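Heads up, the thing below is written out as structure tokens.
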Amino acid sequence: MAEERTIESILVADCGTVFTKLLLLESVEGGTAGQSYRFVAQAETLTTINPPWNDLTVGVVNALEELEQVTGRRLYGAGRLITPRHGLEGVDAFVVILSAPEPLSLVIAGLVREMSLESARRAASGTYTTIKTILSREGSLNSPQTTWSRTVRDIAPDVVLLVGGVDGGARRPVMELADAIALAASMLERDQRPVVLYAGNAELRPQITKLMGDITHVEVVDNVHPTVATEHLGPAQTALEQYYIDERMNAAPGAETLLAWSRLPLLPTATAFSRVVNYLCRREGNTDRGVLGIDVGAATTTVAASFEDRSYVTIYDKGIAYGPLEWVREHGAAPLLQWLPEEMEEEELLMLLHNRELRPWTVPQDPRELWVEQAVVREMLRSAVDMARPTWDAGKINAIPGMLPGVDPILISGGGLVHMPRPGQALLITLDSLQPTGISTILLDINRAAPALGAVAGLKPLAAASAMESGTLISLGTVISPVGKARPGEVVMKMRIVYQDGGSLNVEARYGDMEIWPLLPGQKATLELRPNRRFDVGLGLGRGGKVQAIGGLVGLVVDARGRPLVLPEDPDRRRRVLHGWIWDVGG
Amino acid sequence: MFIPYSVVNPLITVRIPRRLPRPGEVLVRLGETVEPARIVAQTVEPADFCIVDVARELNVPVKKVKAYLKVERGATVSEGDVLASRGGLGGQVARAPINGAIMGSGRGRLLLEAEPQTVQIAALVPGLVVEASATDGVVIESTGAFMQMGWGNGKEAFGVLRVVVRAPRHPIRTKHIDAAAQGAILVGGSHFDEETLEQAIAMQVRGIIVGGIPPSMIPRLEALEFPVVTTEGISMAPMSQAFFDLLRSLDGREVSVSGRMRHRWGTERPYVMVPMPARGAAPVNPETPLVVGSRVRVLRGPYTGASGVVSDIPKGLIQLETGARLPGVQVDLGGKEFVLVPFANLERLL
């Protein structure tokens, strides 16, 4: 603890797939509040993990030089970061978070798609992985062992996650898969052979180890589906994350230098982000709402959720630059085109997506390209949450079937959302894709500092909490989303807004509309909600009540467009509606 | 912040890596001079294989399979050859599904491996071998005009450059591809269509360099035998003037074209190189700062592919058409057209 008290400046390097960002956190005298911390400067540059640089530190040093110009303070000298601090030079601590390294390439092999294979997929989504293929014998009488072996040999993945059979259950089909994997591994050069992570029928562990132990490294963990009714993902998730840290993060070019400068092990960005979501959950202390965090990056979308002190992280392997093309191959272009307020041919859309992948650091300059970017963010967000939702146990938290469980606040982060030209656009994208129900506050991580704060929390929790409370997360507004069915234009809720200064406003929410009422950042108001008997605002069907709301950059939003949100089928009408919504949130 | 760059330079010295896809054998020595067609390294691609489940095909227990085998480990077999048979009336046989050799046996099964394929890598550019590892490949130093491209179909070729359009906005049409196109690497302006591609294949062109191609043509182009590279990525926009002017000045010269690229992890950029009998040309300096007068290209709409020079670097933020406010520069696109472009959408031309 004595050491912790001496830390007055912390530098965080957040090395993403495209950008490397440095954030400098400093202790400031907080008067009666005592010591507190603020972000005082930041710098951003391209990540240099790939050619022509092949060294993460090149980007970090470049950003350090930029930070020196901004702060007028020397941070880098004699070929290294100056730490600990000497007078006005250097920083007390340096922490690094990483999502830049290539994800683990993974082949999943198992028996039943809805059981062990689905569990394996969920386990894999907790780490930066790319699932190259799934091997299963479902639907065929004979085991296609040649095909399995050829697939594994040709892909030469980093890891084969072998699952299948409840404990004490199926044996032969699992061993057939193991046989094929062993054969494939034996045909690869030793340094190309995949690690086999076995998380299947526990009774087969000795046979699996005996079969493959001489050929490749076999790691045995608890069965992901030990009984028909239970799922147990933790050990497989931990093993995959550790493998990612060892083989990707610590082995990244330049990581050794960064580790030498740092006081802490390198941390995956998603893990750091989820710490912030957990902190928010504990801070809010709500038992009837969870907390949701979304980080839309260039190559991945991270969903972190916390319900009743249980936390969940899902990493969807698509972001705004890398992944949309593959997404279109899986889902078609129509779901993206439907979000555009102007007509666009599929060919033009694909052209933009291709070039976004070729030049992921660029930003939309033309409004048409911005609409495409926003459509992509909506669908990546939606897909990421669809993937995450089955892993959540929301406990007693109110969840309308098929809808997002009650969450408040919703933290949005990542370049995909934070770089929107106007805050209302980030809010609209969030509402369109997540479709929250009841009452939620939307927090914008305007400096993309949330993962950095999560990393700082591991070093000095007080500093992270203090920085978070000092305006790092900005409220976009409080959103009330009544859920139910009505005719368009029908009044579904009456609301009285009672402002702190005593003024009040009586308003009505009509089905199909989205309205924004004034509530400035930091301003508080009491809302007296009276939904009609067929609508739920998170307090129970037809039940109203008084709730406190805090304003934000956009205001107080009543989203009565319906859940699920349905866009008009007629293209002209749909575009008019979309234009209207954009107009509603400030253009 | 780093501003990315593309090389589009009439005379520089470059180092071109020529790497094998997997460890193999390097066939040239350090310090050796090589010509474009010289094979510098080779490796063996993993062979096709198949597992023959003899026990199942003969319907006998695994332990008894050995008694029915007609081939031994290491034997060479042809497709249809009998591998094992169970005689007698209604007897069953297991036949070889591919040509190959018996590489393993066990648990009632045979492993057949086909003849492995040798993969060879040519020098592609003439020059001096300045790095040679024992198993991975070489690096060749060469001098000449060099251009980094935006997209490539993965293929490579060496041939004579032939500019077939007059302006960077002109697409290649069938009328541009006559008998003189045979064996040539064609330069067009903006793009080309399916019909033109058919004509190019029929006339046996050796490669195509254009501004862009539509996304719908990508699968077809990736299946071609010859390289297609674009300066502007996937686009219908005109070729950037800086690229077109340099290519036009090289009309008739021998050119090396590499369309090899990897997405996302590890960037190998497609390139066009026109070797020159010159010595002492300097390599590009990636540290060249962005200043007023720097040559740049715009990477995003509405000015995708436009090239010009930086005419001002404003101190504050610039307002984009989307409403965003970001740091950026003013670019003189020529013809008295000045546009504001954020740093994020700029590329230095070196």
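Positive end of the dipole of the stretch B:142-284, charges at C-beta (+1 Lys, Arg; -1 Asp, Glu), about the Cα centre: which of B:Leu197, B:Gly212, B:Leu247 has its Cα farthest in that direction? Of the listed residues, the answer is B:Leu247. Please give the calculated 222 nm ellipticity per residue for chain A, where each DSSP H segment of at least 4 residues contributes -39500 (n - 2.57) and the sum is spread over every residue; nearest 500 deg cm²/dmol? Using -39500 (n - 2.57) per qualifying helix, the result is -9500 deg cm²/dmol. Accessible area per residue for the stretch B:142-284 is 39 Å², calculated with a 1.4 Å probe on protein heavy atoms, without ligands, DNA or RNA. At a 1.4 Å probe, which residues in the stretch B:306-325 are at least 30 Å² less accessible with all protein chains present than in their chain isolated? Buried by 30 Å² or more upon assembly, which counts only protein chains, are B:Glu321, B:Thr322.
The figure for A:Leu259 is an accessible area of roughly 60 square angstrom, using a 1.4 Å probe on the protein chains alone.
Computed with every protein chain present, the accessible area of B:Asp332 is close to 40 Å² [probe 1.4 Å].
Only one residue of B:Ala157, B:Thr143, B:Val93 has its Cα farthest out toward the positive end of the dipole of the stretch B:36-194, where Lys and Arg carry +1 and Asp and Glu -1 on Cβ, and that residue is B:Val93. For the stretch A:91-142, the spread of Cα positions along the three principal axes, ordered from largest to smallest, is 64, 18, 9 Å. Per residue, the convex hull spanned by the alpha carbons of the stretch B:10-130 comes to 131 Å³. Of A:His86, A:Gly484, A:Met249, which is farthest towards the positive pole of chain A's charge dipole, taken about the Cα centre with +1 and -1 on the beta-carbons of Lys, Arg and Asp, Glu respectively? Farthest towards the positive pole: A:Gly484. Under 17 Å from a point 7 Å along the Cα-to-Cβ line of B:Leu11: which residues of the stretch B:141-184 have their amide N that close? Inside the label zone: B:142-147.
Between A:Val228 and A:Glu284, the FRET efficiency from the beta-carbon distance, with R0 = 41 Å, is close to 0.70. Once the partner protein chains are put back, the stretch B:229-246 shows a loss of at least 40 square angstrom of accessible area, versus the chain by itself, at B:Ile234 (probe 1.4 Å, ligands and nucleic acids excluded). Between A:Glu29 and A:Thr6, the modelled label-to-label distance comes to 2.2 nm, taking each label 7 Å out from Cα in the direction of the beta carbon. With a cut-off of 13 Å on the backbone N, the residues of the stretch B:85-128 near the modelled label site 7 Å out from B:Lys70 along Cα-Cβ are B:85-88, B:91-97.
Would you please name the trypsin sites (Lys or Arg not before Pro) within the stretch A:420-498 that are DSSP coil residues with at most 12 other C-beta atoms within 10 Å of their C-beta?
Counting only loop positions with at most 12 other Cβ atoms within 10 Å, the trypsin sites (Lys or Arg not before Pro) in the stretch A:420-498 are A:Lys485.
If the segment from A:Leu505 to A:Asn54 were pulled out straight at 0.36 nm per residue, it would be longer than the present Cα-Cα gap by 156.4 nm. Spatially, the stretch B:1-60 and the stretch A:214-235 are offset by 38 Å when compared through their Cα centroids.
Roughly how many Å is it from the Cα centre of the stretch B:105-121 to that of the stretch B:314-329, as a whole number? That distance is 60 Å. Chains A and B together bury some 4400 Å² of accessible area, summed over both sides, with a 1.4 Å probe. Listed cross-link partners A:Lys318/A:Lys460; A:Lys485/A:Lys546; A:Lys494/A:Lys546 are compared with a 21 Å cut-off, the Cα-Cα value being larger for A:Lys318/A:Lys460; A:Lys485/A:Lys546. Taking all Cα pairs closer than 8 Å and separated by 6 or more residues, the relative contact order of the stretch A:129-181 comes to 42 percent. When only Cα pairs below 8 angstrom with a gap of at least 6 residues are kept, the stretch B:49-114 shows a relative contact order of 41 percent. Evaluate E = 1/(1 + (r/R0)^6) for B:Asp193 and B:Glu131, where r is the Cβ-Cβ distance and R0 equals 41 Å; express this FRET efficiency to the nearest 0.05. Approximately 0.45, to the nearest 0.05. Spacing of the modelled spin labels on A:Trp583 and B:Arg279, each 7 Å from Cα toward Cβ, amounts to 7.3 nm. Between A:Leu520 and A:Glu347, full extension at 0.36 nm per residue minus the direct alpha carbon distance yields a gain of 58.0 nm. Protein-only accessible surface at a 1.4 angstrom probe places the residues A:Trp148, A:Trp583 in the order A:Trp583, A:Trp148, largest first. Given +1 at the Cβ of Lys and Arg, -1 at the Cβ of Asp and Glu and no other charges, the dipole of the protein assembly as shown around its Cα centre is 900 debye to the nearest 20.
On the accessible surface of the protein assembly as shown, probed at 1.4 Å, how many percent belong to carbon and sulfur atoms? Ligands and nucleic acids excluded, carbon and sulfur reach 50 percent. In this rough spin-label picture, where each label sits 7 Å from Cα along the Cβ direction, the B:Arg56-A:Asp154 distance is 1.9 nm. Sorting A:Ser99, A:Ser470, A:Ser440 by accessible area puts them as A:Ser470, A:Ser99, A:Ser440; the probe is 1.4 Å, largest comes first, and only protein heavy atoms count. The distance separating the Cα centre of the stretch A:75-135 from that of the stretch A:513-546 comes to 40 Å.
Per residue, the stretch A:468-564 exposes 45 Å² of accessible surface when a 1.4 Å probe is rolled over the protein heavy atoms with every protein chain present.
The values are calculated or read from the model by the stated rules, or taken from the named source; none is laboratory data. Remember, it's a predicted structure, so these values are computed and weren't measured experimentally. Using ideal geometry, Cβ is built from the backbone for each residue, glycine included, and neighbour counts are taken over all protein chains shown. Side chains included, ligands, DNA and RNA excluded: accessible areas come from the protein's heavy atoms. Shrake-Rupley method; radii C 1.70, N 1.55, O 1.52, S 1.80 Å.
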